[in-house]
Amino acid sequence: MKIHAKTLLLCLIVPLALAANAQHQTFTADPGASSIAFSLSGSHSVKGVFHLSSARIDFNRTAQTISGNVVVGADSGVSGEKNRDAKMNNSVLETDKFAEITFVPKFFSGTLAASGDSTLQVSGIFTLHGAAHDLTLPMQVHIENGRMTAKGHFTVPYVQWGLKDPSIFILKVAKEVGIDLALTGGLS
């Protein structure tokens, strides 16, 4: 029995292509199941949340490639105090000019397990107030039954990045804001 070179090549390439494709996955976060909490310390501590607009991340565990974006409505931030939130939106974030806060991942380091827990460093471009900044996010990732959760804490030096310091008189706040990110959604 004679096997043609094309048939043999096809028999070798198809399994390799399927294996490579199995490493590529897409994570789509559910805005209702995800949270973005912020905290600002100082003589007057402030805590609040922003709401996720969307997040879609494509990645390949084997090649350690990643792309996509995380989008947050800049005007979705609430701290529970109406006047403070108005100042945050109008004077600090200037949400009428800069409607979105985004993170675009460029690469990651660490081993991403097919299931269970993983610890990664995800590096990319964080855009706030219309300016792009390099940022690396430490992430704890859990994958199970077609679902993924990615959690991380990072600090944004908003005053250093050109945003207005909201401190007034004796009510002083830190020049950095802490962010706790928890994205939950489906994996395909």
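Some points to look at:
- Contour minus Cα-Cα distance for D96 and S79 (0.36 nm per residue): 4.2 nm
- The chain: relative contact order as a whole-number percent, Cα under 8 Å and 6+ apart: 23 percent
- A run of the chain free of exposed loop cleavage sites, with trypsin sites (Lys or Arg not before Pro) counted only in DSSP states other than H, G, I, E and B and at most 12 other beta carbons within 10 Å, reaches its longest extent at 3-96.
- The stretch between F107 and K47, if pulled fully straight at 0.36 nm per residue, gains 18.6 nm over its current Cα-Cα span.
- The local environment of S54, defined by Cβ-Cβ distances under 11 Å, has a net charge of -1 under the rule Lys, Arg +1 and Asp, Glu -1.
- Which listed pairs, of K151/K175; K97/K164; K87/K151; K47/K87, have C-alpha distances above 19 Å, in listed order: K151/K175; K87/K151
- The chain, helix-only ellipticity at 222 nm - DSSP H runs n ≥ 4, -39,500 (n - 2.57), divided by all residues, nearest 500: -4000 deg cm²/dmol
- 0 to 90° range, to nearest 10: angle between helix 5-23 axis and the chain longest Cα axis: 20 degrees
- Simple Cβ-charge dipole of the chain, Lys/Arg +1 and Asp/Glu -1, about Cα centre, in debye nearest 20: 360 debye
- For the chain, the Cα-based Rg and Dmax, in that order, read 21.0, 90 Å.
- Among D96, D30, D58: highest mean-square fluctuation, GNM of the chain, C-alpha pairs under 10 Å: D96
- Cα→Cβ-extended label distance, 7 Å offset, between F169 and T28, nm: 5.1 nm
- Comparing mean-square fluctuations of I36, I66, I168 from a GNM of the chain with C-alpha springs under 10 Å, the top value falls on I168.
The numbers here are math on the coordinates, done by the rules we state, and not lab data. All values derive from a computational prediction rather than experimental measurement. Positions of Cβ are backbone-derived with ideal geometry, glycine not excepted, and every protein chain shown enters the neighbour counts.
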